[in-house]
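Below is one structure, written out as C-alpha cells; comments come after it.
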Ligand code: E4P
C-alpha cells in the first residue's frame, strides 16, 4: 500500500518525505485555505513547491463544477508538473471531465466518493484514483473501511485499473484496516502516519535494553 500525506503544509510534507515512506500528496481547497494560500498565482506556486519536495503524485483539486471550467482548470494544473493529478469531484460534469482527462492521458483523482456506485462510475470514466472518504462515513456511524473493501472487491472482479485511495483517515487503525482490506493508497494526516510507530512495549523494551547496555 502506498502512503500519501493529506495536507498542504510544506513543513509536514517535508517531515513525511524525510521519514522515507512517502509516496505522494493529496490536497483539497480546505487544506489549501488552512495554509492561508490566496489567489491563483499563489495556489499554482504552492503546488509547484509541493512537487519540488515529493517525487510522486500530487493531487490538486479543481474548483469549477461545470465541465468546461473543470477541463480548463485541470489542463492548467496538469501543465504545472508531470506529477500533478487533477482532483475532480464526484458529480455528473466531474465524470465527464474525468473521461476527457483520461482520453488525454491526464491523471485524475475522483474525490468525495461515498458509495460503491460512485466508485464504479469513476472507474468507468477512467479515473486514475478514486477517493472514498472513510472518516466522514464513520462520522455518520456507517463503516468506511467496509466501503473500501467493497470497492476493492468490485474493481478486482471487474478488472478496473483505478486505484482505491482511502481518504479522510482519522487514526492509525484506519491505516491498518485499509491495508488489511487491500486499499492501494492511504492518504493520511502526519499524526496518523507517526501514530503507527507507537507501542508501549517498544518503549519499555528499549528502556531496558539501554539500561542493560550500560553494563556492557
Ligand atoms: C483527501 O483527498 C481528502 O480531501 C481528505 O482526506 C478529506 O479529509 P477530511 O474528511 O478529514 O476533511
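Readers should treat all values here as calculations from the given coordinates under stated rules, not as data from a laboratory. These numbers were taken from a predicted model, which means no experiment stands behind them. Heads up, the Cβs are rebuilt from the backbone with ideal geometry, glycines too, and the neighbour counts pull from every protein chain shown.
In this structure, residue 97 does not qualify as assigned to a loop (DSSP other than H, G, I, E, B), more than 12 Å from the ligand (Cβ to nearest atom) and more than 18 Å from residue 31 (Cα to Cα). Residue by residue through segment 154-166, note down the ones that are surrounded by 15 or more Cβ atoms within 10 Å (Cβ to Cβ) and either over 17 Å from the mean Cα position of the chain (by Cα) or more than 11 Å from the ligand (Cβ to nearest atom) (or both). Selection gives 154, 155, 160, 162, 163, 164. Every listed requirement among (1) within 12 Å of the ligand (Cβ to nearest atom); (2) under 16 Å from the mean Cα position of the chain (by Cα); (3) part of a helix (DSSP H, G or I) is met by residue 169 save one, (3).
When segment 39-83 is filtered for residues that are more than 18 Å from the chain's Cα centre (by Cα) and either at positive phi or not in a helix (DSSP H, G or I) (or both), the ones remaining, listed by number, are 39, 64, 65, 66.
Condition check for residue 122 on (1) closer than 21 Å to residue 8 by Cα; (2) within 14 Å of the ligand (Cβ to nearest atom): one failure, at (1).
Only residues that are within 16 Å of the ligand (Cβ to nearest atom) and surrounded by fewer than 14 Cβ atoms within 10 Å (Cβ to Cβ) were counted across segment 26-64, and they come to 4.
Just name the residue that is nearest to residue 14 (Cα to Cα) out of those in segment 179-197 that are part of a helix (DSSP H, G or I) and away from the ligand (no atom under 12 Å from the Cβ).
Narrowing segment 179-197 to residues part of a helix (DSSP H, G or I): 179-180, 190-195.
This time we only want the ones that are away from the ligand (no atom under 12 Å from the Cβ), so: 179-180, 190, 193-195.
Details: 179: 24, 180: 27, 190: 11, 193: 14, 194: 14, 195: 17 Å.
Of everything passing the filter in segment 179-197, 190 is nearest to residue 14 (Cα to Cα).
Taking segment 108-124 as the range and being in a helix (DSSP H, G or I) and touching a strand residue (DSSP E or B) at 6+ places or on another chain (Cβ under 6 Å) as the test, the residues that pass are 119, 122. Report whether or not residue 134 is touching a residue at least 40 places away in the same chain (Cβ under 8 Å) and either touching a helix residue (DSSP H, G or I) at 6+ places or on another chain (Cβ under 9 Å) or within 13 Å of the ligand (Cβ to nearest atom) (or both). Yes; evaluated as a whole, the condition is true for this residue.
Among the listed residues 21, 5, 13, identify the single one that is in contact with a strand residue (DSSP E or B) (Cβ under 7 Å, 6 or more places away or on another chain), within 22 Å of residue 187 (Cα to Cα) and more than 16 Å from the ligand (Cβ to nearest atom).
Only one candidate qualifies: 21.
In segment 9-25, how many residues are surrounded by fewer than 20 Cβ atoms within 10 Å (Cβ to Cβ), touching a residue at least 60 places away in the same chain (Cβ under 8 Å) and assigned to a helix (DSSP H, G or I)? Selection size over segment 9-25: 3.
Which one is farthest from the ligand (Cβ to nearest atom) among residues in segment 137-148 that are touching a helix residue (DSSP H, G or I) at 6+ places or on another chain (Cβ under 9 Å) and outside any loop (DSSP other than H, G, I, E, B)? Ranking the qualifying residues of segment 137-148, first place goes to 146.
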